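In what follows, a structure is listed as structure tokens, so that the remarks can point back to it.
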Amino acid sequence: MAKRGKWNSTLGFVLAAAGSAVGLGNIWRFPYVTGKNGGAVFLFFYILAVVFLGLVVMYAELSLGRATQRNPVGAFERIKPGSPWKAVGFLGVFTGVGILSYYSVIAGWTLYYFYISSLGKFSQGLTEAQIDEVFSVFVSNPFLTVLLLVVFIFLTCFIVSRGVSSGIERWTGILMPLLFLILLILSVYSLTLPGAGEGLKFYLKPDFSKVSLKMILSAVGQAFFSLSLGMGAMITYGSYLSKKDNLFASGIEVVAFDTLVAFLAGIIIFPTVFTYGLSPRAGAALVFKTLPFTFSKLPLGRLFGPLFFFLLAIAALTSTISLVEVATSYLVDERKFSRPRAAFLVGAVAVLLGIPSALSTSSSVFSKFAFGKSFLDLMDYIWANISLPLGALLLSVFVGYIWGAEKAALEIRPEKHRKFPGEDLWIYDLKYFVPIVLSAILLFSLLGSS
Ligand code: PFF
């Protein structure tokens, strides 16, 4: 049997896992849900959710992966052979392909926006209406949106097909530092804008009268999506770690990096939006309509526009890599596929499933597909709002009770004979707090109110 992949270094792993976590969820989704939910209050609950739920489940996934050295399906099977628990692994594999299918559509948009902003499209003093028009003309072009979907998935599969260390680790090792550099440049620039004060006030000064249960649950949901939890991505990435690697420190680093990037995305976006008195509540269009408008006005917008969309494309790419990797590792470990065959098969399935999503903005059939939602929104609802919390809930019950939180904790400890800081709290949190909150989210999603 071919040797299983391994990370070359712990840093390589941290960058790859942070690459999975940092994505459209941080730079596109986080600012707009924060904006819609009143800014700073949302940020406050988001950070609580990251620390008390996200980090806890992150350790559960990583420890299961490293202990079993298997893909999600194989990991459950190793701990509890012949039991139905491996269905949770399968759920993860399907969820990965499901998310990949529509996530890559939006990722494709970032490529187009990078392209047109490089050509100076947004530096011609366009009006808001003209910028909306650029967006609608683009997304109603079925050929282009499907083509970009295919290009993005192909790029991802190419990297995954090269292997764990010489594909994923190598590329994320180049892309993540580049991403961080661009992020810093854009943040510093944004803080010099005239609207910085007002933007920061909206973003950082909480108004607790705005708190609602719905808002808190959406902060938790955002934290799980952003940290790539609930579908086995971190089980898979953890499975390429060796016993020497320090799980405890790496988990914190990945979570901290992801949160920092989301935070900086807000620092870039809110001052920019407030500089022109625009609304931070523009929703999903914030990045594709509101920002290009500001770039068309800003001095140096000609430079920072393309830089921003390049950043978004890189962030998306390091995430789609992990979405492809989950199903790929299953096919390689359990079905003995060669890695390139597995990766391209996963990509082909995601393209087929992604085509209706890519057509959701151009075809009347898919733009109102069912339940009043477009096909793309429906996919997002099924995979991100239902499947991910369900996967995370089942995983935490499995690690907490079936495998046993105490055993998992041994895997996390840097020194086997000494508890890691907060170990008792972690065990308690995983067994009681996490399942309760995730059940609430799931219920909320199923009742259709989130
Ligand atoms: N964490 C990614 C983001 O924030 O964009 C999305 C994602 C990637 C979710 C991988 C789940 C996953 F397994």
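Points worth noting:
- Estimated [θ] at 222 nm from DSSP helical runs (n ≥ 4, -39500 (n - 2.57)) normalised by residues in the chain, nearest 500: -22000 deg cm²/dmol
- Accessible surface of region 54-126, 1.4 Å probe, proportion on carbon and sulfur as whole %: 63 percent
- 15 Å beta-carbon shell around Glu415, net charge (K/R +1, D/E -1): +3
- Charge dipole (Cα centre; +1 on Lys/Arg Cβ, -1 on Asp/Glu Cβ; no other charges) of the chain amounts to roughly 700 debye.
- Cα gyration tensor, region 161-316 - rounded (a/c under 1.5), prolate or oblate: oblate
- On a per residue basis, region 62-126 carries 33 Å² of accessible surface, using protein heavy atoms and a 1.4 Å probe.
- Of every Cα-Cα pair in the chain, the percent that sits beyond 40 Å: 14 percent
- Remark: region 312-448 carries 44 Å² of accessible area per residue (probe radius 1.4 Å; ligands, DNA and RNA excluded).
- Interchain or long-range residues, amide H under 5 Å from Gly163's placed H: Ile168
- What region 148-303 shows is 37 Å² of accessible area per residue, with the surface traced by a 1.4 Å probe over protein heavy atoms.
- Legend: distances between Cα atoms for Lys36/Lys205; Lys86/Lys336; Lys205/Lys297; Lys244/Lys419; Lys86/Lys431; pairs beyond 24 Å are Lys205/Lys297.
- When a 1.4 Å probe is rolled over the protein heavy atoms, the share of accessible surface on region 316-450 that falls to carbon and sulfur comes to 68 percent.
- In Å², nearest 10: area of Lys297 left accessible to a 1.4 Å probe: 90 Å²
The values are calculated or read from the model by the stated rules, or taken from the named source; none is laboratory data. None of the values given here were measured: they were computed from a predicted structure. Quick reminder, even Gly has a Cβ in these numbers, built from the backbone with ideal geometry, and neighbours come from all protein chains shown. Note: areas computed on protein heavy atoms with side chains; ligands, DNA, RNA excluded. Shrake-Rupley method; radii C 1.70, N 1.55, O 1.52, S 1.80 Å.
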